1. With θ set to phi - 60°, apply the Karplus curve 6.51 cos²θ - 1.76 cosθ + 1.60 along region 124-130 and write out the HN-Hα couplings as whole Hz, x wherever there is a Gly or Pro.
2. Karplus couplings for region 69-81 from phi (6.51 cos²θ - 1.76 cosθ + 1.60, θ = phi - 60°), rounded to Hz, Gly and Pro as x?
3. At a Förster radius of 41 Å, what calculated FRET efficiency corresponds to the Cβ-Cβ distance of Asn139 and Ala72, to the nearest 0.05?
4. Report the label-to-label distance for Ile82 and Asp61 in nanometres (one decimal), using points 7 Å from each Cα along the Cα→Cβ vector.
5. Within straight cross-link reach of Lys101, meaning Cα distance under 30 Å, which lysines are found once same-chain residues fewer than 8 apart are removed?
6. If the cut-off is a Cα-Cα distance under 12 Å, which aspartates and glutamates reach Lys145, setting aside same-chain residues fewer than 8 apart in sequence?
7. Order these peptides, 101-108, 86-93, by their mean beta-carbon neighbour count within 10 angstrom, highest first.
Amino acid sequence: MSNESTVLFTGNVTHKLDPKSRVAIPAGWRAAQGQTLVMIASSSEEKYRIMKCFTRETFADKIAHIREQAQARGAAPGDIDIYVGRITGCSFEAEVSSQGKLLIPKAQRDRIGLKDWATIVGRGAHFEIWAPEDFEATNTPEALKKLELDKLFHMLT
């Protein structure tokens, strides 16, 4: 079994970017060390700009799921290829260094509004990189109440 399939990204931390635009990932995620990650920034039309980070295996699974769902809904194969091409064309690969740091290229940093600090948020099979102020804005009691998901899952109350 590869390290990629055993990494579970949980928790969140805020770290300062180093002078080379690298951010330290949490120690518990060190199984991803040396792995190539696939990263993609959210659309600029979304309220909060984030960078989603997947292992190669998880990214391939995500693309396969998108294809399956699109086919099940009757999308034309050419349209599916265009959509998947847009996703893969906007993504890039990065490696977690032996020091547990991940390089975030300047263009990507600018796209999601990172300055000196980054909040790294575990989402189970992947993790996200947020500007700290955007992440905080999504975690206010008012923002969480709008989701109303806790009424279904009863995890936080």
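1. Ordered by residue, 3J(HN,Hα) equals x, 7, 9, 9, 10, 10, 10 Hz.
2. Listing the rounded values in order: 5, 5, 4, 4, 8, x, 5, 5, x, x, 5, 4, 4 Hz.
3. Details: r = 34 Å, r/R0 = 0.83.
The calculated FRET efficiency here is 0.75.
4. Output for this residue pair reads 3.0 nm.
5. Lys16, Lys20, Lys47, Lys52, Lys62, Lys115
6. Partners found: none.
7. Values: 101-108: 16.2, 86-93: 12.4.
Taking the mean over residues of other Cβ atoms within 10 Å, the ranking is 101-108, 86-93.
None of the figures in this text is laboratory data; all of them are computed from the coordinates on show. Just so we're clear, the structure is a prediction, and the values are computed from it rather than from any experiment. Positions of Cβ are backbone-derived with ideal geometry, glycine not excepted, and every protein chain shown enters the neighbour counts.
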